[in-house]
Amino acid sequence: NAGVTQTPKFQVLKTGQSMTLQCAQDMNHNSMYWYRQDPGMGLRLIYYSASEGTTDKGEVPNGYNVSRLNKREFSLRLESAAPSQTSVYFCATAGGGSSYNEQFFGPGTRLTVL
Amino acid sequence: SQQGEEDPQALSIQEGENATMNCSYKTSINNLQWYRQNSGRGLVHLILIRSNEREKHSGRLRVTLDTSKKGSSLLITASRAADTASYFCASGAGSYQLTFGKGTKLSVIP
């Protein structure tokens, strides 16, 4: 079992370009999350999906969109990248429907916007 | 921001010593979790403590929770070089979300 996978691992964009970060899980989990991690800021929640067919904003959703394609896949899209979106992006999943469930993280995507 | 704070931001100790990290949070919670992150990797869950618990153990880890002070501590006993990592607390308040702190960077010197 691969657990939680993310593609790509690294990406460099120019300001204004768009891209989609992909996340897939084979853990049969209902909940999926997208975080960004910046130096000295810890992890901040961008969007989450409690179950297939639902998505909700987190703490820092501006400039991002998400799609819960099916139970396995949750993508994050940057429509017009800005230097402020330079960060490491993590996808995570959780089995149940509450914050009691531990989250399982992917390896991350390191994004640089020039 | 609802983020909590870890204290200290960085900690350097000798192998075999104990490491203590503290976490404070801002709102009422129903559970608090600790995660570990090795350099360049994703986070890995270590331990969860519920709001009605005061102390929990897992191997060399001991977690305490004081809801009246809105704080938690993580103690790693008999530290090893392999414990070198960043440690994050994450508070849960009943929804699907966890709120992560900013982390403590632990260096264990062989």
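Hey, any idea what the orientation-averaged projected area of the convex hull of the protein assembly as shown's Cα atoms comes to, in nm²? Provide the component values of the computation, followed by the final result.
Details: hull surface 47.8 nm².
It is 12.0 nm².
How many nm separate the modelled label positions at B:Arg60 and A:Tyr100, each set 7 Å beyond the Cα in the direction of the Cβ?
If labels sit at B:Arg60 and A:Tyr100, their model points lie 3.1 nm apart.
Between their Cα atoms, which of A:Lys71/B:Lys105; A:Lys14/A:Lys71; B:Lys56/B:Lys102 are more than 26 Å away from each other? Spell out each step's value before the answer.
On the way: A:Lys71/B:Lys105 34 Å; A:Lys14/A:Lys71 32 Å; B:Lys56/B:Lys102 22 Å.
Beyond 26 Å: A:Lys71/B:Lys105; A:Lys14/A:Lys71.
Which whole-Hz ³J(HN,Hα) couplings does the range B:32-46 yield from phi under the Karplus relation 6.51 cos²θ - 1.76 cosθ + 1.60, θ = phi - 60°, glycine and proline marked x?
These are the phi-based 3J(HN,Hα) values: 9, 10, 10, 10, 10, 9, 6, 3, x, 10, x, 7, 10, 5, 9 Hz.
Can you give the log10 of the normalised intensity I(q)/I(0) at q = 0.17 Å⁻¹, computed with Debye over equal Cα scatterers of the range B:48-110?
With no solvent term, the Cα-only Debye profile gives -0.68.
Using modelled backbone amide H atoms (1.01 Å from N, in-plane), which distant-in-sequence or interchain residues come within less than 5 Å of A:Val66's amide H?
Close amide H contacts, sequence-distant or interchain: A:Arg77.
For the range A:23-75, count all C-alpha to C-alpha pairs, find those more than 19 Å apart, and express that count as a whole percent of the total. Please list the in-between numbers first.
Details: 363 of 1378 pairs.
Of all Cα-Cα pairs in the range A:23-75, 26 percent lie more than 19 Å apart.
Once every Cα of chain B carries one equal point scatterer and solvent is ignored, give the base-10 log of I(q)/I(0) from the Debye formula at q = 0.10, 0.18, 0.22 Å⁻¹, two decimals.
-0.25, -0.82, -1.20
Which whole-number percentage describes the relative contact order of the range A:5-69, with Cα contacts under 8 Å and a sequence gap of 6 or more? Show your work: numbers first, answer last.
Details: 78 pairs, mean separation 13.7, N = 65.
It comes to 21 percent, rounded to a whole number.
Using only atoms on other chains, find how many Cβ atoms lie within 10 Å of each Cβ of peptide B:40-48 and report the average. Can you show the working numbers first?
Values: counts 4, 5, 15, 10, 4, 7, 1, 1, 4.
So the per-residue partner count for this stretch is 6.
Mind pulling up the Rg/Rh value for chain A? Radius of gyration and Kirkwood radius, both on Cα.
Details: Rg = 13.2 Å, Rh = 14.0 Å.
Ratio of gyration radius to Kirkwood radius: 0.95.
List the extent of the Cα atoms of the range A:70-114 along each of their three principal axes, largest first, rounded to whole Å.
Cα extents, longest axis first: 38, 20, 16 Å.
Values in this text are rule-based calculations from the coordinates and carry no lab data. Model, not experiment: these values are computed from the prediction. Neighbour counts run over all protein chains shown; Cβ positions are idealised from the backbone, glycine included.
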